[in-house]
Amino acid sequence: NQFTHNALLRPIIGQSKSTIDFRQAMDSGKIILVNLSKGLLGELDTQLLGMLIIGKIFSSAMGRVMQRPEDRRPMYLYIDEFQNFTTDSVAHLLSEARKFGIFLTLANQNMTQLKSNSGKNNILDSVLGNVGSMLILRLGAIDSEKMETYTKPELLAQELQDLPDFRVAARLLNKNAPTRPFVFKTVPMMQPDDSTIAKEVVLSSRRNYTKPTEEVESNISKRRERQKEPS
């Protein structure tokens, strides 16, 4: 009831058929952007939609099992604040996705977030066990001691704690072999000169992939009425 009576979520999860074909987007190289800001949706709504979308992507990737590996178009999945969407099933995504052409970039604040909730005990191990490249910004004392295992002897725990702003410690996977850890300076985020194109893309996406809220609500009401009819 908490979700179905939510005016923002009900039109999204209340449709009988999704307007987004994740498999088609994956195979044709389309871009899907999802804004799951907690400030916009709230924590529970953010987690619900995030886990639903990640689950759809994972099932779409598994559906490519009949394709030859060379025919699987790579898909790059970027998840910010990754800890908000972690479940035990995500551990399977981490270990299985690569062979189905899914390449993950995961970002979170600290390692405790990946094991703080029940049912997540294997998420941290899965992340550290399957990750190819690591980019580490300044860490706290506890995390730096854990990550020193991956950066020493070039970078010790204290050096990971002392990284200046906009500096990143990196241990990259290159040609299936890890490189020696090094530090580089990040580039400031580019500011777009003109947002006209972005607005046009949003409008085009809404025309092609969304339905008016009134239409969705009407369809939900019709389904409820049919369910109430005596058989």
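The values are calculated or read from the model by the stated rules, or taken from the named source; none is laboratory data. Bear in mind the structure is a predicted one, so any value in this text is a computation, not a measurement. Positions of Cβ are generated from backbone atoms using ideal geometry, with glycine treated the same way; all protein chains shown enter the neighbour counts. Heads up: the accessible areas ignore ligands, DNA and RNA and are worked out on the full protein's heavy atoms, side chains in. Shrake-Rupley method; radii C 1.70, N 1.55, O 1.52, S 1.80 Å.
Between residue 228 and residue 44, what is the FRET efficiency for a Förster distance of 22 Å, r being their Cβ-Cβ separation, to the nearest 0.05? Using R0 = 22 Å, I get an efficiency of 0.15. Expressed in units of 2.2 N^0.38 Å, where N is the residue count, the Cα radius of gyration of the chain is 1.22.
Is there a pair in 115/146; 56/115; 17/222; 17/211 whose C-alpha atoms are over 18 Å apart, and which pairs would that be?
56/115
In the context of the full set of protein chains, residues of the chain present 69 Å² of accessible surface per residue (probe radius 1.4 Å, heavy atoms only). Taking the accessible area of the chain, probe 1.4 Å, and keeping the other protein chains in place, the carbon and sulfur fraction comes to 54%.
Which order do 215, 96 take by accessible area at a 1.4 Å probe, largest first?
215, 96
Our Cα-only numbers for segment 55-158 put the radius of gyration and Dmax at 15.3, 48 Å.
Dividing the summed -39500 (n - 2.57) terms of all DSSP H runs of n ≥ 4 by the residue count of the chain sets its mean residue ellipticity at 222 nm at -12500 deg cm²/dmol. On the basis of the beta-carbon distance and an R0 of 30 Å, residue 208 and residue 4 show a calculated FRET efficiency of 0.70.
In plain terms, the chain from residue 156 to residue 141 could stretch by 4.3 nm, reckoned as 0.36 nm per residue minus the Cα-Cα distance. As a ratio to 2.2 N^0.38 Å, the alpha-carbon radius of gyration computed for segment 95-231 takes the value 1.64. The distance between label points at residue 108 and residue 37 comes to 2.3 nm (points 7 Å beyond Cα on the Cα→Cβ vector).
How far, in degrees from 0 to 90, does helix 213-228 lean away from the longest principal axis of the Cα atoms of the chain, to the nearest 10? Once rounded, the angle reads 60 degrees. From the largest down, segment 135-176 spans 31, 22, 15 angstrom on the principal axes of its Cα atoms. Based on C-alpha pairs under 8 angstrom that are at least 6 apart in sequence, the chain has a relative contact order of 15 percent.
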